[in-house]
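For reference, the structure discussed in these notes is given below.
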């Protein structure tokens, strides 16, 4: 994912510095060439040897260290960098960067770098909220730096409030959004539906299905990482939504239909991976239905709106509509019929009986069906399936 990418991590004097070891490790596992630059104050919190062991690169601290690989270290590294993240960023280093002060290896290198620069402030709440710090952050924004908002919580100093550095997985998400993939979906608006719907029977019970939303969430995340502006319309699930995605939470099929229909005209690509209930109770009881000894019960159902058919019928020129088809038998035959009947561009078909496919798994086994082609894919992670879907959509 990050093979061949050069990531520079600037670490300053903050108690959160130790967390960057986890970030450096995660980046290396993804194939990145990770280079760490520390301020002298940072070495009081974590030893440079830790980063050297994790990255297999010399950890830079002293501007005038003569034991380096390149002729002019700060310039050479600045030229190689695909992204530069300063995390944790102290108030002192933020001030230096904002005003072009280059008096150590970190500030000298970032001043010479032309790549994307991310800054993650980490400090006491009162320091962070100080107008001087806020003005310096605004200055950095003016110069093209992206500021990662700190988390709120209990701080090392004993205060509670804003100023915590976000966890390494959040910082990693910022990096992946920038350089994790080619931005071949830049400028595209993508709408994804995911998860199940719930159709109320009474205030306690509802009709639903086994969908966990994992496939749809993977599609939304991949679209975001490939540069798209993404809206995710999600039924009730228990997984965290991807970052940098506009999430619209719904419960029923009717709510999903409304959310999709109101946004469809503005979208370039719509991928309907949600498992929407086909039927709902005609009458919803106002109070909990009590069981009666020795008696059965019948619930009258009616069809919910067919959202995919609506999208196919109202498809605008240049728009790409993709639906999903989960079957237990005659998968190809049923899915091809669905492609024609719904008037859409692609159906992603899978069989619940296939090992590695189905609900709740981290993998999927799908067949991509278009009017001109049918392509069976091997078992893949759901992220890889999402990439295959977008590769097909954009003709890769």
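I'm trying to understand the selection: among the residues of segment 136-148, which are surrounded by 12 or more Cβ atoms within 10 Å (Cβ to Cβ) and touching a residue at least 24 places away in the same chain (Cβ under 8 Å)?
Those that are surrounded by 12 or more Cβ atoms within 10 Å (Cβ to Cβ) and touching a residue at least 24 places away in the same chain (Cβ under 8 Å): 136, 137, 139, 140, 145, 146, 147, 148.
Within segment 277-298, which residues are touching a strand residue (DSSP E or B) at 6+ places or on another chain (Cβ under 7 Å) and surrounded by 10 or more Cβ atoms within 10 Å (Cβ to Cβ)?
Start the filter on segment 277-298 by keeping residues that are touching a strand residue (DSSP E or B) at 6+ places or on another chain (Cβ under 7 Å), which leaves 277-282, 284.
277, 278, 279, 280, 281, 284 - these are the residues of segment 277-298 that are touching a strand residue (DSSP E or B) at 6+ places or on another chain (Cβ under 7 Å) and surrounded by 10 or more Cβ atoms within 10 Å (Cβ to Cβ).
When the residues of segment 1-20 are filtered to those that are outside any strand (DSSP E or B) and over 22 Å from the mean Cα position of the chain (by Cα), which remaining residue is surrounded by the most Cβ atoms within 10 Å (Cβ to Cβ)?
Among residues in segment 1-20 that are outside any strand (DSSP E or B) and over 22 Å from the mean Cα position of the chain (by Cα), the one surrounded by the most Cβ atoms within 10 Å (Cβ to Cβ) is 12.
Restricting attention to segment 251-276, report how many residues are touching a strand residue (DSSP E or B) at 6+ places or on another chain (Cβ under 7 Å), part of a loop (DSSP other than H, G, I, E, B) and surrounded by fewer than 22 Cβ atoms within 10 Å (Cβ to Cβ). Spell out how you get there, then give the answer.
The initial filter retains those residues of segment 251-276 that are touching a strand residue (DSSP E or B) at 6+ places or on another chain (Cβ under 7 Å), namely 252-253, 256, 259-260, 263-264, 266-275.
Pick out the ones that are also part of a loop (DSSP other than H, G, I, E, B) and you get 252, 266-268, 273-274.
In the following step, the residues that additionally are surrounded by fewer than 22 Cβ atoms within 10 Å (Cβ to Cβ) were identified as 252, 266, 268.
Residues flagged as touching a strand residue (DSSP E or B) at 6+ places or on another chain (Cβ under 7 Å), part of a loop (DSSP other than H, G, I, E, B) and surrounded by fewer than 22 Cβ atoms within 10 Å (Cβ to Cβ) within segment 251-276 amount to 3.
Wholly within segment 24-133, which strands (runs of 3 or more DSSP E) include no fewer than the required count, namely at least 2 residues that are surrounded by 14 or more Cβ atoms within 10 Å (Cβ to Cβ) and at pLDDT below 95? Spell out how you get there, then give the answer.
Values: elements: 33-38, 83-89, 116-121.
Answer list for segment 24-133: none.
Report yes if some residue within segment 311-321 is out of contact with any helix residue (DSSP H, G or I) (no Cβ under 8 Å at 6 or more places or on another chain), assigned by TED's automatic domain parsing to the domain that holds residue 336 and assigned to a helix (DSSP H, G or I); otherwise report no.
Yes, segment 311-321 has at least one match.
Yes/no per residue for (1) touching a strand residue (DSSP E or B) at 6+ places or on another chain (Cβ under 7 Å); (2) in the same structural domain as residue 382 (by TED's automatic domain parsing); (3) loosely packed, with under 15 Cβ neighbours inside 10 Å:
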| site | (1), (2), (3) |
| --- | --- |
| 306 | no, yes, no |
| 339 | yes, yes, no |
| 347 | yes, yes, no |
| 353 | no, yes, yes |
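For the condition in a strand (DSSP E or B) and surrounded by fewer than 21 Cβ atoms within 10 Å (Cβ to Cβ), what is the one hit in 247, 237? Can you show your working first?
Values: 237 fails: in a strand (DSSP E or B).
Of 247, 237, the one residue that is in a strand (DSSP E or B) and surrounded by fewer than 21 Cβ atoms within 10 Å (Cβ to Cβ) is 247.
Tell me the residue from 332, 311, 301 that is surrounded by 19 or more Cβ atoms within 10 Å (Cβ to Cβ) and in contact with a strand residue (DSSP E or B) (Cβ under 9 Å, 6 or more places away or on another chain), please.
Working: 332 fails: surrounded by 19 or more Cβ atoms within 10 Å (Cβ to Cβ); 301 fails: surrounded by 19 or more Cβ atoms within 10 Å (Cβ to Cβ).
Exactly one of 332, 311, 301 is surrounded by 19 or more Cβ atoms within 10 Å (Cβ to Cβ) and in contact with a strand residue (DSSP E or B) (Cβ under 9 Å, 6 or more places away or on another chain), namely 311.
Return the residues of segment 153-191 that are in a loop (DSSP other than H, G, I, E, B), crowded, with 19+ Cβ neighbours inside 10 Å and over 13 Å from the mean Cα position of the chain (by Cα); say none if nothing qualifies.
Those that are in a loop (DSSP other than H, G, I, E, B), crowded, with 19+ Cβ neighbours inside 10 Å and over 13 Å from the mean Cα position of the chain (by Cα): 155, 165, 166, 185, 188.
Given the condition in a strand (DSSP E or B) and at pLDDT below 95, answer yes or no: does some residue in segment 139-148 qualify? Lay out the reasoning, then the answer.
Taking segment 139-148 and keeping what is in a strand (DSSP E or B), we get 146-147.
If we keep only those that are at pLDDT below 95 too, we end up with none.
The answer is no; no qualifying residue exists.
Conditions tested, residue by residue: (1) closer than 23 Å to residue 239 by Cα; (2) outside the structural domain of residue 253 (by TED's automatic domain parsing); (3) modelled with pLDDT of 95 or more.
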position: 162; (1), (2), (3): no, yes, no
position: 166; (1), (2), (3): yes, yes, yes
position: 173; (1), (2), (3): yes, yes, yes
position: 196; (1), (2), (3): yes, no, yes
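Per-residue answers, yes or no, for (1) within 22 Å of the chain's Cα centre (by Cα); (2) in a loop (DSSP other than H, G, I, E, B):
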{"site": "309", "(1), (2)": "no, no"}
{"site": "323", "(1), (2)": "yes, no"}
{"site": "337", "(1), (2)": "no, no"}
{"site": "341", "(1), (2)": "no, no"}
{"site": "348", "(1), (2)": "yes, no"}
{"site": "353", "(1), (2)": "no, yes"}
{"site": "356", "(1), (2)": "no, yes"}
{"site": "378", "(1), (2)": "no, yes"}
{"site": "383", "(1), (2)": "yes, no"}
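So which of 245, 260 is in contact with a helix residue (DSSP H, G or I) (Cβ under 7 Å, 6 or more places away or on another chain), in contact (Cβ under 8 Å) with a residue 40 or more places away in the chain and at negative phi? Steps first, please.
Working: 245 fails: in contact (Cβ under 8 Å) with a residue 40 or more places away in the chain.
Every option except 260 fails the conditions.
The values are calculated or read from the model by the stated rules, or taken from the named source; none is laboratory data. Keep in mind the model is a prediction, meaning the values are calculated, not measured. In this analysis, Cβ positions are derived from the backbone assuming ideal geometry, glycine residues included, and neighbour counts consider all displayed protein chains.
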